[in-house]
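**Q** Structure incoming, see below.
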Amino acid sequence: MLKIENLSVIFGEKSVLKNLTWSVLPNKIHGLIGLNGSGKTTLLNCIYGFLKFDSGNILLNERALNRSDVSFLETTNFFYSNLTGREFLSIFSSSNQSFHENEWSLLLDLPIDEMIENYSTGMKKKLALLSILKLERQVVILDEPFNGLDIETNHLLEKLIPILKQKGKTIIITSHIMGSLNGICDEIHWINDGVIKKSFEKVEFSDIESLIFENSSVSESLQRLL
Amino acid sequence: MGLEYLCLTLPVLIPMLVLGLYLEIILFCISLFLLPFFNFSLNINTFKIPNLLSFGIDRHNFEWIAGMRRMQFAFVILYSLGIVIGFYHFAGFITLGLITFIFSVFYEECESQFVLTFEFDSTKVFLINKLKRHILQYTKVSLPLLLFYFMRYPEKYIFYLPLLLIYYTNFIVFILNKYKSYIPNQKITSNRIIAGLAFMGMFLPYLFPISFVLCFIFYRKSIINLKTYFHA
């Protein structure tokens, strides 16, 4: 189990994560939602180790989480220039013998022997996804994985994530589109003002939007402006 | 830009002035001022260049795979030149030094933070492994040329060994310069200036120690800079 205890991150004067405590159960797909500036990306960056936290602990199965336990699909993907997709994938050494680049590239319709510079946004996302699949780590973080994907790959990703769950991975997904999370997540966690405000079970998913926007006056403002 | 080139080449120009090579100085200065008007960059998107020299490159050394794709023609020309000159004169060994400067171009681009950190948890372990892998790669590539010169001119080893030490040091400096200035996903331009200084160090004995000093300074600075990203 991934356990986050009293995690705090302060940027200058601003406290972004405030003693955040969160238990992420294994073999489940966890959605993470929150409005802009709620601390979502900061939390993910802390879990992977991109960011140093000011206080708290992140534990995996009662020991300190290492970077080598986590694979992270970032929202925007950067690739080293003058490499082909296959050459990029070869950077990631893996003990995963069942990973076959050719079969994956066929399935995802990805020209892995072409230069990455010529890839579309969706293709780049697919390549980044393949790299984290190749690493085969215990905790998989997918930050906005559906951004820029075509309908077919979107569908494929929705099929792929539950298979990762079956293989015992702990999966954390963020998305701005509630619909894409509702379909695949076992739990959705709402982060607000630097803390996990509430965790929702599958049966409660329909209440999420109304709860998040309960105090929102957007409709009235829109009525007034239009 | 021309003026900057002129300042950088002062250690070459001053001895030329002392030797009274006035015509050469004028031609040299004109070429320096014309240099910025030429665009030497190649738009890789418009070409699909096969990486003919990718065999034998360790898959972790992505800088070499990408760099060889860009610079393979210059590399082959210089390498061949090194062999051809080697049949006539021992000083052809200098071409290995020039080839080393081609490799400096490999370290102008910074990888993403995920690629930087996915394999190792500690800054020192990362940097030592990086240097080991790349020095091994450099040795593999330069070995045929080295053996050729050592076999053809065995009596000149006194001349070759210090040069070889400088080439290796220059190569390490290029790698360390990348990591001392590392910012994820950015290009580093300072490598060209460092390469220029190291280049002059090859020909001017009083500039020899530059690379050695830079090696120590840059290693320390790389560790400090990378700690921002590794937190260890």
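The values are calculated or read from the model by the stated rules, or taken from the named source; none is laboratory data. Values in this document were obtained by computation on a predicted structure and should not be read as measured data. Here Cβ is always computed from backbone atoms with ideal geometry, including for glycine, and neighbour counts include all displayed protein chains.
**Q** Would you please name the residue that is nearest to the other protein chains (Cβ to nearest Cβ), looking only at residues in segment B:78-114 that are more than 20 Å from B:Lys140 (Cβ to Cβ) and without any contact (Cβ under 8 Å) to a residue 12 or more places away in the chain?
**A** By that ranking, first place goes to B:Phe114.
**Q** Taking A:Asn19, is it at positive phi and assigned to a loop (DSSP other than H, G, I, E, B)?
**A** No: the conditions fail for A:Asn19.
**Q** I'd like to verify a number: residues in segment A:62-88 that are over 20 Å from the mean Cα position of the chain (by Cα) and either within 12 Å of chain B (Cβ to nearest Cβ) or not basic (Lys, Arg) (or both), how many?
**A** 11
**Q** Can you find a residue in segment A:36-43 that is more than 13 Å from chain B (Cβ to nearest Cβ), within 11 Å of the chain's Cα centre (by Cα) and farther than 22 Å from A:Gly12 by Cα?
**A** No - not one qualifying residue is present in segment A:36-43.
**Q** Which members of segment A:41-93 meet the condition of being free of Cβ contacts under 8 Å to residues at least 24 places away in the same chain, of a type in the set (A, V, I, L, M, F, W, C) and within 14 Å of A:Ile141 (Cα to Cα)?
**A** Within segment A:41-93, A:Phe50 is the sole residue that qualifies.
**Q** While we're here: Output the number of the condition that A:Asn36 fails; it satisfies all remaining conditions of (1) at pLDDT below 90; (2) in a loop (DSSP other than H, G, I, E, B); (3) touching a Lys or Arg at 6+ places or on another chain (Cβ under 9 Å).
**A** All conditions are met except number (3).
**Q** Tell me yes or no: at least one residue of segment A:188-207 is touching a helix residue (DSSP H, G or I) at 6+ places or on another chain (Cβ under 6 Å) and closer than 25 Å to A:Asp109 by Cα.
**A** Within segment A:188-207, none of the residues are touching a helix residue (DSSP H, G or I) at 6+ places or on another chain (Cβ under 6 Å) and closer than 25 Å to A:Asp109 by Cα.
**Q** Collect the residues in segment A:105-121 that are crowded, with 18+ Cβ neighbours inside 10 Å and over 18 Å from B:Asn185 (Cβ atoms), keeping them in residue-number order.
**A** Matches in segment A:105-121: A:Ser105, A:Leu108, A:Leu110, A:Ile112.
**Q** Further question: Would it be correct to say that B:Tyr168 is away from chain A (no Cβ under 12 Å), surrounded by 15 or more Cβ atoms within 10 Å (Cβ to Cβ), assigned to a helix (DSSP H, G or I) and without any contact (Cβ under 8 Å) to a residue 60 or more places away in the chain?
**A** Here the answer is yes, as B:Tyr168 does meet what is asked.
The rows are residues; the columns are (1) under 16 Å from the mean Cα position of the chain (by Cα); (2) surrounded by 12 or more Cβ atoms within 10 Å (Cβ to Cβ); (3) within 14 Å of A:His30 (Cα to Cα).
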site: A:Gly168; (1), (2), (3): no, no, yes
site: A:Ile173; (1), (2), (3): yes, yes, yes
site: A:Ile191; (1), (2), (3): yes, yes, yes
site: A:Lys197; (1), (2), (3): no, yes, no
site: A:Lys202; (1), (2), (3): no, no, yes
site: A:Phe205; (1), (2), (3): no, yes, yes
site: A:Val218; (1), (2), (3): no, no, no
site: A:Ser221; (1), (2), (3): no, no, no
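**Q** Next up: May I ask you to list the residues in segment B:201-232 that are part of a helix (DSSP H, G or I), touching a helix residue (DSSP H, G or I) at 6+ places or on another chain (Cβ under 7 Å) and either at pLDDT below 75 or within 14 Å of chain A (Cβ to nearest Cβ) (or both)? Spell out the reasoning first.
**A** Step one: of segment B:201-232, the residues part of a helix (DSSP H, G or I) are B:201-203, B:205-207, B:209-230.
This time we only want the ones that are touching a helix residue (DSSP H, G or I) at 6+ places or on another chain (Cβ under 7 Å), so: B:201-202, B:207, B:210-212, B:214-215, B:218-219, B:221-223, B:225-227, B:229-230.
Those that are part of a helix (DSSP H, G or I), touching a helix residue (DSSP H, G or I) at 6+ places or on another chain (Cβ under 7 Å) and either at pLDDT below 75 or within 14 Å of chain A (Cβ to nearest Cβ) (or both): B:Gly201, B:Met202, B:Leu207, B:Leu226, B:Lys227, B:Tyr229, B:Phe230.
**Q** Given the residues A:Ile172, A:Ile161, which is the only one that is touching a residue at least 60 places away in the same chain (Cβ under 8 Å), in a strand (DSSP E or B) and either touching a strand residue (DSSP E or B) at 6+ places or on another chain (Cβ under 6 Å) or of a type in the set (Val, Ile, Thr) (or both)? If you could, list the steps in order and put the result at the bottom.
**A** On the way: A:Ile161 fails: in a strand (DSSP E or B).
Testing whether each residue is touching a residue at least 60 places away in the same chain (Cβ under 8 Å), in a strand (DSSP E or B) and either touching a strand residue (DSSP E or B) at 6+ places or on another chain (Cβ under 6 Å) or of a type in the set (Val, Ile, Thr) (or both) leaves just A:Ile172.
**Q** Another question about this same structure. If you check B:Leu147 against the conditions, is it away from chain A (no Cβ under 14 Å), part of a helix (DSSP H, G or I), at negative phi and surrounded by 16 or more Cβ atoms within 10 Å (Cβ to Cβ)?
**A** Taking the combined requirement at face value, the residue does not satisfy it.
The rows are residues; the columns are (1) in a helix (DSSP H, G or I); (2) more than 18 Å from B:Tyr167 (Cα to Cα); (3) touching a strand residue (DSSP E or B) at 6+ places or on another chain (Cβ under 6 Å); (4) modelled with pLDDT under 90.
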residue: B:Arg59; (1), (2), (3), (4): no, yes, no, yes
residue: B:Leu81; (1), (2), (3), (4): yes, no, no, no
residue: B:Phe93; (1), (2), (3), (4): yes, no, no, no
residue: B:Phe101; (1), (2), (3), (4): yes, no, no, yes
residue: B:Glu111; (1), (2), (3), (4): no, yes, no, no
residue: B:Val115; (1), (2), (3), (4): yes, yes, no, no
residue: B:Lys124; (1), (2), (3), (4): yes, yes, no, no
residue: B:Ile128; (1), (2), (3), (4): yes, yes, no, no
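**Q** Let me ask something additional. Given (1) under 21 Å from the mean Cα position of the chain (by Cα); (2) within 13 Å of chain B (Cβ to nearest Cβ), identify the lone condition not met by A:Lys125.
**A** (2)
**Q** Can you work out which of the residues in segment A:175-189 that are among the β-branched types (Val, Ile, Thr) and touching a residue at least 60 places away in the same chain (Cβ under 8 Å) is surrounded by the fewest Cβ atoms within 10 Å (Cβ to Cβ)? Step through it out loud before you land on a result.
**A** Of all residues in segment A:175-189, those among the β-branched types (Val, Ile, Thr) come to A:177, A:184, A:188.
The next check asks that each one be touching a residue at least 60 places away in the same chain (Cβ under 8 Å); those that pass are A:184, A:188.
Values: A:Ile184: 18, A:Ile188: 23.
Ranking the candidates gives A:Ile184 first.
**Q** Quick check on my filter: what residues within segment A:78-120 are of a type in the set (D, E, K, R) and touching a Leu at 6+ places or on another chain (Cβ under 8 Å)?
**A** Passing the criteria: only A:Glu101.
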